[in-house]
Amino acid sequence: MPQKSVLGVDSGGTFTDLVAVDAAAGTVFVTKTPTTPADPSVGIVQGTRLMREDHGLSLADVGNLIHATTLITNAIVERKGSRVGLLTTRGFKDILDLRNEQRYDVYDLFLTYPDPIVPRYLRHEVTERMSGEGRPVVGLDRDDIAAAVEELEAAGVEAVAIAFLHSYANPAHEREARDVVRELWPDVAAICLSSDVMPEIGEYERFSVTTTNAYVQPLAERYLRDTQQRLADEGFAGSFFVMLSNAGIVGADVAGRLPVRVVESGPAAGVLCAARYGRDVGLDDLIAFDMGGTTAKISVINRGVPDMSPGFEVARVHRFKRGSGIPLRVPSVDILEIGAGGGSIANIDPTGLLQVGPESAAADPGPACYRRGGTEPTVTDANLVLGLLEPSFFLGGNMELDLEASKRVIERGVAEPLGLSVVEAAWGIHTMVNQNMIGAMRVHLAERGKDPEQFTMMGFGGCGPAHAVEVAAALRVPEVLIPLGAGVASALGAALAPPAFDFARSHVRSLATVDWDALVAVYRELQADATELLGSAGVRAEDVEFVLSADMRYEGQVYDIEVPLPASLSRDSEAAIRASFAEEYTRRYARVYPDSEIQLTTLRLRAA
């Protein structure tokens, strides 16, 4: 096979999927193999060997390899990252505990939140102060940094996060502090600046995403380096890229420096694949329904473009309560994640009712029918009993499922306690997991003002096709699309993904008094950064396309909306920007307030 083949790899919670695409020859090769949770790179190598045996595709034939992974998400949720220390402005070490002072459940008097990534004893205050306009007020005290470095090094810290007040307006103090830390501590594994990770207003969100990035950066860099070495040992000499949460790809060096950008890479790849399939068959408005082994995800695609979000949460204390997790303000495809998958475990709760999920058997041991030691009934076991899976042709014939094992665990765990037959119990499990997803999806779509009857649902992932029709019918979605290769859609999406990156910088100004020259200068700086970053992924400067937008609000409001901007900005752009803001505000809230002034808060640039 020629060198121009592209290989997409998605390491999920249960299976690792590989899709090789040769556009010139018109061929697509598919392989699916169990994920190896202890080291996902082992599963990737096993998958490439299987692809060579089944299809004759050698890694030497691959030009580009694009990798989507759940490694970063799992490290955050399972708290398997590095020990992190924080340097912050004097008086602000408790921001990670104070959060944004909002309660995610106003009626719960005993609210709990995830523990901050950095415990209080590893947070050190530094004398310095920058004004909100970016003007130095108090200079940086190098002695404070030296004392902090001494204590952090003695405490076994591996990575340092530096987050100063108002550094989005002027990063000079953070950069100076980084240079001092590097000078005093040259062996520290990672130093993360909030002005690099998230140069935006919102102290808690900025501190949170910066400390999280530092927490997983050593792990990410080590994993990506080891994975590339394993692939090289197998004969891979092409370019290695990593899928981002915004459905773009970057080189491994960028992904290693900013691993928080990779958290939702697998789901984003699946949504990108759904959008591509939709365009190919003339369906531009889709609900992408991705149900895998551990979770189910939905995302809305409007006019061929996935809805985007400025951020999301991970490691929620209460899985379905927004605000109970760690906020990561990084651009991402807007995805609802539900604790429902093929590995979701069914049991009888203390009240005697059937419950399915969110606990999962995952890849190890997996459902009972996998013959890997699973002893609890799962959704996959139920689907096998119901005849929705072919036991002799699972994973393309590479794994044979044990139907009798599924019957045994369902009978013992569900059928007998409820006085049902095995088939009735299996149907109950199947129906219950559907209802769990339907309820969450209905709320998600309603919150975004989407009418399900105006969309087509595309079902993919290992379990998506087995559940999509019933889920769509309950939501009144009139049409369901099941694509070829639905079980490996995320890997195919990774293979199709373009180099892309999102940039942002807070620039708080009233639209009536904005300095247009300064505004244009900020966008030019972002464009220069984008051209350099995508250039590292082999993209020529003349091939880079830019999309401009800005977070805006009425003065006095707390929340922003993202508003598209003209491709070229000047003093004559004000009327067009006001009209764009009014259109987006009306779409969301049905009315505007013409007597209120509009405020710019954050400038955004998407480069692809």
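Here, each number is a calculation from the coordinates, and none is a lab measurement. What you see is a predicted model, and the numbers here were worked out from it, not measured in a lab. Cβ atoms come from the backbone with ideal geometry, glycine included; neighbour counts cover every protein chain shown.
One table, with the values for the structure above:
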| quantity | calculated |
| --- | --- |
| Helical mean residue ellipticity (222 nm; -39500 (n - 2.57) per DSSP H run of 4+; nearest 500) of the chain | -11000 deg cm²/dmol |
| For Leu481, net neighbour charge (Lys/Arg +1, Asp/Glu -1) across residues whose Cβ lies under 14 Å away | -3 |
| Summed residue charge, Cβ within 11 Å of Pro267's Cβ, Lys/Arg positive, Asp/Glu negative | -4 |
| Peptide ranges 178-191, 206-219, 409-422 listed from the most packed, as the mean C-beta count within 10 angstrom indicates | 206-219, 409-422, 178-191 |
| Gained length - Leu98 relative to Asp115, 0.36 nm times residue gap less alpha-carbon distance | 5.0 nm |
| Per residue, the convex hull volume that the Cα atoms of the stretch 508-608 enclose (Å³) | 105 Å³ |
| Kyte-Doolittle mean at least 0.5, axial Cα span of 15 Å or more - DSSP H helices of the chain | 464-475 |
| Given Lys297/Lys450; Lys93/Lys321; Lys93/Lys297, the pairs whose alpha carbons are separated by over 28 Å | Lys93/Lys297 |
| Relative contact order, percent, the chain [alpha-carbon distance under 8 Å, six or more residues apart] | 13 percent |
| Contour excess over end-to-end distance, with Cα ends at Arg372 and Ser568 and 0.36 nm allotted per residue | 64.7 nm |
| Over 18 Å [Cα-Cα, the stretch 1-73], rounded percent | 32 percent |
| For the stretch 311-401: span of alpha carbons on each principal axis (Å, largest first) | 44, 38, 22 |
| Cβ crowding within 10 Å averaged over residues, with 453-466, 388-401 ranked highest first | 453-466, 388-401 |
| DSSP beta bridge pairing in the stretch 278-425, given as percent antiparallel to the nearest 5 | 100 percent |
| For the stretch 54-211, alpha-carbon Rg relative to the globular expectation (2.2 N^0.38 Å, N residues) | 1.26 |
| Packing-based order for 516-529, 153-166, using average beta carbon neighbours within 10 Å, highest first | 153-166, 516-529 |
| 17 Å cut-off, amide nitrogen to a point 7 angstrom out along Asp39 Cα→Cβ, residues in the stretch 212-255 | 219-235 |
| Share, in percent, of DSSP beta bridges within the chain that are antiparallel, nearest 5 | 65 percent |
| Spin-label model distance (nm) - Asp285 vs Leu484, 7 Å beyond Cα toward Cβ | 2.9 nm |
| Net charge over other residues, Cβ less than 12 angstrom from the Cβ of Glu424 (K, R count +1; D, E count -1) | -2 |
| Length-normalised contact order for the stretch 499-564 - Cα pairs under 8 Å, 6+ apart - percent | 26 percent |
| Relative contact order computed over the stretch 467-608 (Cα-Cα under 8 Å; 6+ residues apart), in percent | 37 percent |
| Cα-based reach from Lys407 at 14 Å (exclusive), listing aspartates and glutamates while leaving out same-chain residues under 8 positions away | Glu376, Asp381, Glu416, Glu424 |
